[in-house]
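The structure appears right after this line, and notes come after that.
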Amino acid sequence: DMQSYSVYSDDHGKTWTRGAFVGTGMDENKSVELSNGDVMMNSRASSGGNGGRKVAISKDGGATYGPVTINTDLRDPVNNASIARMYPDAVQGSAEAKILLFSNANATSRTNGTIRYSCDDGATWSAGKQFKDGYMAYSTVTALSDGKFGLLYEGNSNAITFAKFDAD
C-alpha cells in the first residue's frame, strides 16, 4: 500500500532529506506550515478514505508525522487538491498565519471545483465558494505578490485555467 513522506531542506535547498514514511493509502500529498511552526500533510486517500482527505501533523519540520486522521469535512473524490497559507509571510502565531486556503473537486466525482478557507490552522473549514461547475480535476492555489490569490486548475477537455481572486 502507498505511503507518503516529506522531502525537506533546512539549508535553503542546498541539501534535501526524505522524512519517515507515514500512513497507508496516501498519495499526491501537500504540506503547509501552520501558525505554530508544525507542518500539516494533507493527502489524497488513494484507498478511498471515506470521501475525505487524510491529514497528519509533524512537530519536527516534516521528519516524522503523528497519527493519520480522515477529515470528512474536506469531501474529496480521490483527486489531487491544494492547501496553502493565505498569508505565507505572516508572523508565526498571528491570526493571519492561521488562515489556510484549500482547493479541490468538492464532490464524489471530479466536478464542482471549490475554494475554502480555514481561520484556525485547518481545524474547521468554510463551506467554500465554487469556482468551476462541471468537470474539474487537479488544482493549485497560492498567494500572489499583488495581494491577490492565484488558482490553476484542470477543467473541461483537460484545459488548464488560471484565475485570480481576492480575499472577499
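The values are calculated or read from the model by the stated rules, or taken from the named source; none is laboratory data. These figures come from a predicted structure and were not determined experimentally. A quick note on method: Cβ atoms are made from the backbone with ideal geometry, for glycine too, and the neighbour counts reach across all protein chains shown. Heavy atoms of the whole protein, side chains included, go into the accessibility calculation; ligands, DNA and RNA do not. Shrake-Rupley method; radii C 1.70, N 1.55, O 1.52, S 1.80 Å.
Just list whichever of LYS30/LYS98; LYS14/LYS98; LYS98/LYS129; LYS129/LYS164; LYS14/LYS164 have alpha carbons separated by over 22 Å in the model shown.
Checking Cα-Cα distances, LYS14/LYS98; LYS14/LYS164 exceed 22 Å.
Give me the 1.4 Å probe accessible area per residue for the chain, excluding ligands and nucleic acids, in Å².
On a per-residue basis, 51 Å².
When ranked by the protection proxy of mean other Cβ atoms within 10 Å per residue, highest first, what sequence do the peptides 102-109, 15-22, 56-63, 139-146 form?
Averaged packing, sorted descending, gives the order 102-109, 56-63, 139-146, 15-22.
Ignoring any ligand, DNA or RNA, what whole percent of the accessible area of region 66-168 comes from carbon and sulfur when the probe is 1.4 angstrom?
Percent of accessible area from carbon and sulfur atoms in region 66-168: 51.
May I ask you to compute the full-extension gain from TYR117 to THR24, defined as 0.36 nm times their residue separation minus their alpha-carbon distance, rounded to one decimal in nm?
30.8 nm
Cα atoms only: what Rg and Dmax, in Å, come out for the chain?
For the chain, the Cα radius of gyration and maximum Cα-Cα distance read 15.4, 43 Å.
Dividing the alpha-carbon Rg of region 43-101 by 2.2 N^0.38 Å yields what?
Normalised Cα radius of gyration, region 43-101: 1.28.
Can you tell me which of 115-128, 147-160 comes out highest on packing, and rank the rest after it, using the mean Cβ neighbours within 10 Å?
115-128, 147-160
Would you grab the residues whose amide H sits under 5 Å from the one on SER4? Only those 5+ places off in sequence or on another chain, please, with H modelled 1.01 Å from N.
VAL22, MET26
Residue separation times 0.36 nm, minus the C-alpha to C-alpha distance between ASP168 and SER47: what's the value?
Answer, rounded to one decimal: 40.0 nm.
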